[in-house]
Amino acid sequence: MKVVILAGGLGTRLVEETKKKPKPMVAIGKDPIIFHIINIYRQFNYKNFLIAGGYKINALKKFFKKKNIKDVNIRVINTGNKSMTGGRIYRLRKYLNEEKFMVTYGDGLANIDLDKLSK
């Protein structure tokens with residue numbers, strides 16, 4: 001099952017941090033939020049990620065190219081700077097050829113049993 005991570009918003013509530021990077025790239029410890037999100041999904045054996053980027057998308061592309069996370073497939077796709085949630089998912093439709101997929105925001109962490117959630 002693929003995981004869509006919404007990571008294209010302007011991040012206006014964290015403007016001090018998001019002038020130079022998108023909100024999912026704000027660090028928690030030494031790694032950005034989006035890296036922690038991917039690792040949570042990896043613990044539940046999710047391996048295919050579509051990152052719906054927009055604002056400051058090049059920072060996301062550069063990070064994932066440099067990080068080269070093994071055992072996963074990560075695609076950063078430009079879904080536009082001004083797209084809303086539904087529009088971002090709509091723009092990913094050609095990559096979502098499966099019946100089910102997961103969607104999460106790229107700026108929040110939670111302790112959730114993803115196996116239970118996906119049933």
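The values are calculated or read from the model by the stated rules, or taken from the named source; none is laboratory data. Just so it is clear, the model here is predicted, and its values are computed rather than measured. Neighbour counts run over all protein chains shown; Cβ positions are idealised from the backbone, glycine included. All accessible areas refer to the heavy atoms of the entire protein, side chains included, with ligands and DNA or RNA removed. Shrake-Rupley method; radii C 1.70, N 1.55, O 1.52, S 1.80 Å.
Can you list, largest first and rounded to whole Å, the semi-axes you get for the chain by taking the square root of 5 times each eigenvalue of its Cα gyration tensor?
Those come to 21, 17, 14 Å.
Keeping all protein chains in place, calculate the accessible area per residue for the chain (probe 1.4 angstrom), answer in Å². Intermediate results must be reported in sequence, preceding the final value.
On the way: 7540 Å² over 119 residues.
Averaged over the residues of the chain, the accessible area is 63 Å².
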Original post:
Residues with beta-carbon under 11 Å from that of Y95, excluding Y95: net charge, scoring Lys, Arg +1 and Asp, Glu -1?
Top reply: +4
Original post:
If you roll a 1.4 Å probe over the chain with all protein chains in place, what percent of the accessible area is carbon or sulfur?
Top reply: 50 percent
Subject >> V26, V103, ranked by accessible area, largest first (probe 1.4 Å) >> reply: V103, V26
Original post:
Of the trypsin sites (Lys or Arg not before Pro) in the stretch 17-48, which ones lie in a loop per DSSP and count no more than 12 other C-beta atoms within 10 Å?
Top reply: K19, K20, K30
Subject >> Extreme residue, positive dipole direction of the chain, given options L109, N45, I89 (C-beta unit charges) >> reply: I89
